[in-house]
1. When you scan region 184-195, do you find a residue that is surrounded by 14 or more Cβ atoms within 10 Å (Cβ to Cβ) and among the hydrophobic types (A, V, I, L, M, F, W, C), even just one?
2. Of the residues GLY86, GLY97, GLY104, GLY14, which is touching a residue at least 12 places away in the same chain (Cβ under 8 Å), at positive phi and surrounded by fewer than 21 Cβ atoms within 10 Å (Cβ to Cβ)?
3. Could you check region 1-109 for strands (runs of 3 or more DSSP E) lying wholly inside it with 2 or more residues that are touching a Phe, Trp or Tyr at 6+ places or on another chain (Cβ under 6 Å), of a type outside the set (Lys, Arg) and modelled with pLDDT under 95?
4. Do you know which residues across region 71-83 are free of Cβ contacts under 8 Å to residues at least 60 places away in the same chain and either open to solvent by 40 Å² or more (accessible area, probe 1.4 Å) or touching a Lys or Arg at 6+ places or on another chain (Cβ under 9 Å) (or both)?
5. Can LEU160 be described as at pLDDT 95 or above, within 14 Å of the chain's Cα centre (by Cα) and open to solvent by less than 10 Å² (accessible area, probe 1.4 Å)?
6. Which members of region 107-122 meet the condition of being among the aliphatic types (A, V, I, L, M) and either open to solvent by less than 40 Å² (accessible area, probe 1.4 Å) or in contact with a Leu (Cβ under 9 Å, 6 or more places away or on another chain) (or both)?
7. Are any residues in region 17-38 open to solvent by 20 Å² or more (accessible area, probe 1.4 Å) and either in contact (Cβ under 8 Å) with a residue 40 or more places away in the chain or of a type in the set (Phe, Trp, Tyr) (or both), and if so, which ones?
Amino acid sequence: MEQAAVLEEFRQAGALLEGHFVLSSGRHSAAYLQCARVMMDPRRGERLCAALAGDIRARFEDPFDLVVSPAMGGVIVGYEVARQLGLPAIFVERVDGRFTLRRGFTIPAGARCLMVEDVVTTGLSSRECIAAIREAGGDCAGAACLVDRSGGTADVGVPLVALTVIDIPTYAEGDVPASLAAVPVSKPGSRFLTT
C-alpha cells in the first residue's frame, strides 16, 4: 500500500491530528496519528492490516508462532495482523511502569514472536515490549507497525516492517519551537494515564 493511500485512510478517519501533542515517548510534536480512530472501522483496519501482513510475509522467510503487542495502542492492530497471518495474539500491559504479561497470557519457551505496534516514534515502547517477550521466554525475531513516524531512524533492536514511513519532527521538552509552545498541549497517548 502506497504512503499516500495509508495517510488518506488516516485522514478519512479523522486520525491525522494537528496541534501540540506530548507523545508516549515524552517528545513534543505538531502532529499526532490516532490509530484508535483508524481501527474503529473494522473494514479500514482490515485493509491496512492485510497490507501490513503482506509486507511481513515478504520480509520474513521463517514463520512466526505468536503476535505480541504493547497495550494500549498496539492491541487492536496486533490482533488484526495476527488474524491476517493466522496466528494467536496476546499483549503486554504496564504494571508499575513495566510491560508484563497478565490475563493468563504466556509465551511458550522459544516461541518465535512478532511484536506488532500501531505507531513507532522513538521505538521505546517497542523495545520495552520486546524485552518483556524475551523475559517471558520468547524469541522476538521481528517487529511491525502501521506507521514509522521516525523517518526510518527508530531502532527497535530487531528488523522492523512498517506499512508506511514518514518523518514528522519531534522535540525534546527544552527544544520545543516557540510557535509550537504557544499552542495548548494535549497528551493523547496512554502512557501517562493514572488509575
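The values are calculated or read from the model by the stated rules, or taken from the named source; none is laboratory data. Bear in mind that the values here come from a model prediction, so they are computed numbers and not experimental data. When we count neighbours, we look across all protein chains shown, and the Cβ atoms used for this are built from the backbone with ideal geometry, even at glycine. Remember, those area values only see protein heavy atoms, side chains included, never the ligands or the DNA or RNA. Shrake-Rupley method; radii C 1.70, N 1.55, O 1.52, S 1.80 Å.
1. Within region 184-195, not a single residue is surrounded by 14 or more Cβ atoms within 10 Å (Cβ to Cβ) and among the hydrophobic types (A, V, I, L, M, F, W, C).
2. Within the list GLY86, GLY97, GLY104, GLY14, the selection yields GLY14.
3. On the way: elements: 16-22, 28-33, 66-70, 89-95, 98-101.
Per the criteria, 16-22, 28-33.
4. Those that are free of Cβ contacts under 8 Å to residues at least 60 places away in the same chain and either open to solvent by 40 Å² or more (accessible area, probe 1.4 Å) or touching a Lys or Arg at 6+ places or on another chain (Cβ under 9 Å) (or both): ILE76, TYR79, ARG83.
5. Criteria not met by LEU160.
6. Scanning region 107-122 gives ILE107, ALA111, LEU114, MET115, VAL116, VAL119, VAL120.
7. First, the residues of region 17-38 that are open to solvent by 20 Å² or more (accessible area, probe 1.4 Å): 17-19, 24-27, 30, 32, 34, 36-37.
Matches in region 17-38: LEU17, GLY19, SER24, SER25, GLY26, ARG27, ALA30, TYR32, GLN34, ALA36.
A quick yes/no check of all residues on (1) within 17 Å of ASP55 (Cα to Cα); (2) acidic (Asp, Glu):
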| site | (1), (2) |
| --- | --- |
| PRO108 | no, no |
| LEU124 | no, no |
| GLU135 | no, yes |
| GLY138 | no, no |
| PRO159 | yes, no |
| ALA181 | no, no |
| PRO188 | no, no |
